[in-house]
Amino acid sequence: MNREEINKLFGVTDQQLDHMAAEYESGDWKGGVGPVIPGRPRIYDEEMETVSFRLPKSRVNAIDAKAKRNGETRSQFLRQAVDNALLANA
């Protein structure tokens, strides 16, 4: 995700961020920061469980290549593939 996409996601522009940064650095910023939550952000609203299974090496290589092209990790790719399969059969 590039900077413009991130800005759009949060509804800000580079100019707004620069203005807020200047206010913060000068001590004039009236905003606040949210709570700092240590650790990785949750990707689901429930507990995660590890699932382990075996695949032919050629399939793993294909998964890794496709995930890399999509800018994803292997886990992200596989979670999305499982979600898509479950939704297709719903």
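Some observations on this one:
- The chain: Lys pairs at Cα distance under 26 angstrom, eight or more positions apart or on different chains: 4
- Rounded to the nearest Hz, the phi-derived 3J(HN,Hα) couplings of segment 38-43 under the Karplus curve 6.51 cos²θ - 1.76 cosθ + 1.60 (θ = phi - 60°) are x, x, 6, x, 6, 9, where x marks glycine and proline.
- Loop sites here are GluC sites (Glu not before Pro) outside DSSP states H, G, I, E and B with no more than 11 other Cβ atoms within 10 Å. The longest part of the chain free of them is 1-45.
- Taking all protein chains into account, the per residue accessible area for the chain stands at 97 Å² (1.4 Å probe).
- Angle between the chain longest axis and helix 14-26 axis [Cα atoms, degrees, rounded to 10]: 50
- Share of carbon and sulfur in the accessible heavy-atom surface of the chain [1.4 Å probe, %]: 54
- For segment 61-73, the Karplus equation 6.51 cos²θ - 1.76 cosθ + 1.60, evaluated at θ = phi - 60°, returns couplings of 4, 5, 4, 4, 5, 5, 4, 4, 4, 8, x, 10, 7 Hz by residue, with Gly and Pro reported as x.
- The distance between label points at Gln15 and Ser58 comes to 5.6 nm (points 7 Å beyond Cα on the Cα→Cβ vector).
- Whole-Å distance, taken between Cα centres, linking segment 2-21 and segment 50-65: 38
- Summed residue charge, Cβ within 12 Å of Arg59's Cβ, Lys/Arg positive, Asp/Glu negative: +3
The values are calculated or read from the model by the stated rules, or taken from the named source; none is laboratory data. Everything numeric here is computed off the predicted structure, so don't read it as measured data. When we count neighbours, we look across all protein chains shown, and the Cβ atoms used for this are built from the backbone with ideal geometry, even at glycine. For the accessible areas, the whole protein counts, side chains as well, though only heavy atoms, and no ligand, DNA or RNA atoms are used. Shrake-Rupley method; radii C 1.70, N 1.55, O 1.52, S 1.80 Å.
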